[in-house]
Every structure is written in C-alpha cells, then in structure tokens.
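> I'd like to ask some things about the structure below.
Readers should treat all values here as calculations from the given coordinates under stated rules, not as data from a laboratory. Here the structure is a predicted model, which is why all the values come from computation and not from measurement. A quick note on method: Cβ atoms are made from the backbone with ideal geometry, for glycine too, and the neighbour counts reach across all protein chains shown.
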Amino acid sequence: MEKRIIFFSLIGCSYCEQLKPVFFKVANEMNLKYEIYELPNAPIDIKKMVYKYSIEIFPTILVIQDETVKKIEGAIPESKLREKLAG
C-alpha cells in the first residue's frame, strides 16, 4: 500500500510557516504524494483525524502506511525531515 502523508498546519503558526517550504522541497525531491491541511479551515474528516491521532503540536506530519502511523512533530531540520520521510 502507498504511503499517505498528511501535513497538519495551524493558521498563524510561525513554526508551521517555517516548515512548509522545507517540507515542500523535500517531498517534491523525493517524489512523495502528500496532502496539506490548515486548521481550523480543514474538512471535518481531517479535523477528526486530529483527535484520532492525538495531534497536539503544530506542525505535525502523519505518515500512514498499512496499519502503521508515524508522527513527525514540530519544525525540524531538513536533514531530519528527509530521514523521517524516507523511513
């Protein structure tokens, strides 16, 4: 099954704005498909995911593959993000 990568951001979050261009660069270089949602303007099913996966830190990136969910939290350096998305 293909990875589902979801980037959760929060309106007005400076860390989210800091990570977005880094995330776009890495994801595009790695040819990853991704979704990006900015709260509170996200669809209701996405808002439910915030509660389901206990997302309390923004930005958060979920990497979902099969039954495994990996959570990447906070504004992290590009090298660390690349490592976590590759794994």
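> Based on other C-beta atoms within 10 Å, arrange Ile5, Ile57 from fewest to most. Before the final figure, lay out the partial values.
Numbers: Ile5 21, Ile57 15.
Ascending Cβ contact count within 10 Å gives the list Ile57, Ile5.
> With 10 angstrom as the radius, rank Thr60, Thr68 by how many other C-beta atoms surround their C-beta, starting from the fewest.
Thr68, Thr60
> Additional query: Only sites in a loop by DSSP and with at most 15 other Cβ atoms within 10 Å count here; which GluC sites (Glu not before Pro) in the chain make the cut?
Listed in order of number, the matching sites are Glu2, Glu56, Glu67.
> Using the count of nearby Cβ atoms within 10 Å as a rough guide to exposure, how do Arg4, Arg82 rank from fewest to most?
So the residues, fewest neighbours to most, are Arg4, Arg82.
> For the residue pair Lys71 and Lys84, what label-to-label distance in nm results when each label sits 7 Å from Cα along the Cα-to-beta-carbon direction?
With each label placed 7 Å out from Cα toward Cβ, I get 1.1 nm.
> Of the lysine pairs in the chain, how many meet both conditions: Cα atoms under 18 Å apart, and a spacing of 8 or more in sequence or different chains?
Taking the chain as the scope, the lysine pair count is 25.
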